Amino acid sequence: MRKLLLSAASIAALNLIACSQAPTSTNLNSVDSTLTVQEAKEFLEKAEQEIVELSAFASKIYWVQANFITEDTNSLAA
């Protein structure tokens, strides 16, 4: 019972802190809206390319680690 009360008090305190730090305005006009559709497409293409490269690198690392279990390959996989 004591743990439940302490948990509830902790959650209530965190909620109060979060509410006090909330922004006072939700003005969406303050966001830079000068981005274009072309820039968004370029960003997505670049992000997808990075994901492909990182995935290929990670798969190689995990293959080596699975086949040659050493301290070095474990640290690479970590």
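The values are calculated or read from the model by the stated rules, or taken from the named source; none is laboratory data. Quick caveat: nothing in here was measured; it's all calculated off a predicted structure. All accessible areas refer to the heavy atoms of the entire protein, side chains included, with ligands and DNA or RNA removed. Shrake-Rupley method; radii C 1.70, N 1.55, O 1.52, S 1.80 Å.
Computed quantities for the displayed model
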quantity	calculated
Accessible surface of residue 35 - all protein chains present, 1.4 Å probe, nearest 10 Å²	130 Å²
Kirkwood estimate for the stretch 34-78, i.e. one over the average of 1/r between Cα atoms, Å	12.4 Å
Exposure rank, largest accessible area first [52, 64; 1.4 Å]	52, 64
Surface accessible to a 1.4 Å probe, residue 44 within the full protein complex, Å²	100 Å²
In Å², nearest 10: area of residue 36 left accessible to a 1.4 Å probe	70 Å²
